[in-house]
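Here's the structure we're looking at; comments come further down.
Bear in mind these aren't lab numbers, they're just calculated from the coordinates by the rules spelled out. Since this is a predicted model, take the numbers as computed values, not measurements. Quick reminder, even Gly has a Cβ in these numbers, built from the backbone with ideal geometry, and neighbours come from all protein chains shown.
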Amino acid sequence: MTVVYPVIFTETKDEKDVVLVEIPDIKGMTEGYGVLDAINMAKDYIGNMLLDAKDSEIPAPSEINSIDVSKGAFADEGNSFVSLVDVDLDCFRRMQRTRTVRRNI
């Protein structure tokens, strides 16, 4: 199952390359260094928050046009914009549950 959420990215005016991330539908916040890292951090946050959620428990995404960046948590920190971020939850769950077990013999 792939989920797509609108995410507010704020490029800070004080700290170079720091991008603040707010995911309103999940009430989550994170940050990244540069836009690409911020997108990856948003995907990771969404995936971890929904890792064990059943399909019926996953919050419905808002329409991208309904997100007002001026009301975002980081609106005063710099220039903000909204973009959609997708996460393949099945793939994310497989990656998180795959681990190497080392045995001492």
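Neighbours of Ser62 by Cβ distance under 15 Å: Lys/Arg scored +1, Asp/Glu scored -1, total -3. In whole percents, the pair-distance distribution calculated for the chain from its alpha-carbon pairs, binned every 5 Å from zero, is 2, 12, 22, 21, 16, 10, 7, 4, 2, 1, 1, 0.
Multiplying the residue separation of Lys27 and Ser66 by 0.36 nm and removing their Cα-Cα distance gives an extension gain of 12.5 nm. Report, in degrees rounded to the nearest 10, the 0 to 90 angle that the Cα long axis of helix 35-49 makes with the longest principal axis of the chain. Long axis of 35-49 versus the principal axis of the chain: about 50 degrees. Enumerate the residues in segment 1-40 having an amide nitrogen under 19 Å from the point lying 7 Å beyond the Cα of Ala75 toward its Cβ. Only 6-14, 20-30 pass the distance filter. With a cut-off of 20 Å on the backbone N, the residues of segment 3-19 near the modelled label site 7 Å out from Ile58 along Cα-Cβ are 3-8. For the peptides 90-97, 76-83, the ranking by packing is 76-83, 90-97, with the highest mean count of neighbouring Cβ atoms within 10 Å listed first.
Counting Lys and Arg as +1 and Asp and Glu as -1, what is the net charge of the other residues whose Cβ lies under 12 Å from the Cβ of Val35?
Values: positive: none; negative: Glu11, Asp17, Glu31, Asp37.
Overall, the nearby charge balance is -4.
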